[in-house]
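Please read the structure below before turning to the comments.
The values are calculated or read from the model by the stated rules, or taken from the named source; none is laboratory data. Not measured: the values here are computed from a predicted model. Ideal geometry is used to build each Cβ from the backbone, glycine not excepted, and the neighbour counts take in all protein chains shown. What goes into the accessible areas is simple: the full protein's heavy atoms, side chains included, and nothing from ligands, DNA or RNA. Shrake-Rupley method; radii C 1.70, N 1.55, O 1.52, S 1.80 Å.
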Amino acid sequence: MAFRVLVLGSNAAAPAHNRFHSSQLVTVDNHNFLIDCGEGAQLQLLKYRAKLAKISHIFISHMHGDHYFGLIGLLSTMHLFKKKGELHLYGPPELAEVITVQLKASQTFLNFRIVFHITDPHTPKILFENNKLQVESIPLEHGIHCTGFLIREKRRERRINKSRMPYDLSLENIADLKKGKDTVYKNRILSNLEYTHDPLPSYSYAYCSDTRYTQSFLEQIKGVDLLYHEATFMDDLKNRAKDTFHSTTKEAALLAAQAGVKQLVIGHFSVRYKELEPLLKEAETIFKNTLLGVEGTKVYLRE
């Protein structure tokens with residue numbers, strides 16, 4: 001089953017140069033997580049053939065419009081498409097207020113139930129968890145309260161070596177071996193190392209939206225397989241980046257290098273940049289394994 005990041009929008013402040021506002025669709029096995037929902041997000045979801053009904057968790061980093069102005073439109077379309085069940089919406093407390101008043105003003109009574117989850121901008125918190133993965137908030141440093149999101153798969157079970165496994169091994173024996181334990185079979189001990197293979201790798205993705213360069217969350221993202229970090233400006237505008245609580249290409253690359261991540265994706269580009277290749281080249285001077293997170297970019301951690 002896949003672990004994939006699809007970039008729907010990559011621009012900051014305003015759409016320009018065929019680039020949309022911030023939004024990404026992260027698919028982990030049978031879960032579809034929408035992260036940020038800028039204007040045009042639903043058009044991009046339709047363009048890339050994403051099934052809206054399968055999105056049950058939406059994470060909004062903060063209340064600047066380029067990160068959530070597309071949300072009410074998406075919710076309305078989900079309603080028209082007869083989405084059922086629950087939709088879990090994660091974000092600042094003001095997000096619930098905005099969505100509630102918009103639905104009330106239009107007298108819209110959704111076919112599905114929205115479950116609001118309030119994010120903490122100061123302390124990392126587990127927002128979603130099941131037996132295979134968890135989503136944790138990342139406190140960022142921006143002009144208003146803002147959080148990133150860390151999606152991390154849990155360690156997988158060991159795999160049974162079928163060529164050595166006795167045909168009548170019990171389910172209890174198999175469960176022990178998968179958990180890394182030795183097990184007793186017909187009055188003898190079966191060694192876990194002899195009867196299992198190492199588990200398949202688990203992957204992690206950190207989404208760090210609007211933030212100035214800081215090492216405050218460095219430990220939290222250390223060693224992730226993929227890091228998305230905003231790179232609004234090139235390095236000659238470092239002072240402007242600092243004043244507006246944004247980052248430069250080199251700052252994003254420096255953090256990736258310091259955190260020891262495997263791959264970096266940069267985005268949230270200023271409208272002043274029509275061509276993005278110079279931003280990529282600048283980031284690569286510090287962290288070679290960097291990609292431009294432009295519309296339609298797909299990064300597979302597992303296919």
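Taken over segment 123-154, the residue count meeting the criterion of being in a strand (DSSP E or B), hydrophobic (A, V, I, L, M, F, W, C) and touching a Ser or Thr at 6+ places or on another chain (Cβ under 9 Å) is 7.
Can you pull out every residue in segment 66-87 that is in contact (Cβ under 8 Å) with a residue 40 or more places away in the chain and farther than 15 Å from Leu25 by Cβ? Within segment 66-87, Asp66, Phe69 qualify.
Of the strands (runs of 3 or more DSSP E) that lie entirely inside segment 195-303, those containing 3 or more residues that are in contact with a strand residue (DSSP E or B) (Cβ under 8 Å, 6 or more places away or on another chain), in contact (Cβ under 8 Å) with a residue 40 or more places away in the chain and surrounded by 18 or more Cβ atoms within 10 Å (Cβ to Cβ) span 204-208, 226-230.
In summary, Leu95 fulfils each of the numbered conditions (1) of a type outside the set (Ser, Thr, Tyr); (2) part of a helix (DSSP H, G or I); (3) farther than 30 Å from Ser270 by Cα with the single exception of condition (3).
Restricting segment 5-15 to residues that are buried (at least 24 other Cβ atoms within 10 Å of the Cβ) and of a type in the set (A, V, I, L, M), the residue that is nearest to the chain's Cα centre (by Cα) is Val7. Counting residues in segment 149-163 that are hydrophobic (A, V, I, L, M, F, W, C), surrounded by 14 or more Cβ atoms within 10 Å (Cβ to Cβ) and more than 29 Å from Leu227 (Cβ to Cβ) gives one or more. Looking across segment 126-142, just one residue is touching an Asp or Glu at 6+ places or on another chain (Cβ under 8 Å), touching a residue at least 12 places away in the same chain (Cβ under 8 Å) and surrounded by fewer than 17 Cβ atoms within 10 Å (Cβ to Cβ), and that is Lys132. Selection of segment 176-189 for residues being surrounded by 13 or more Cβ atoms within 10 Å (Cβ to Cβ) and either at positive phi or modelled with pLDDT under 80 (or both) yields Asp176, Leu177, Lys178, Gly180.
The numbered conditions (1) modelled with pLDDT under 95; (2) open to solvent by less than 70 Å² (accessible area, probe 1.4 Å); (3) outside any loop (DSSP other than H, G, I, E, B) are all true for Thr108 except (3).
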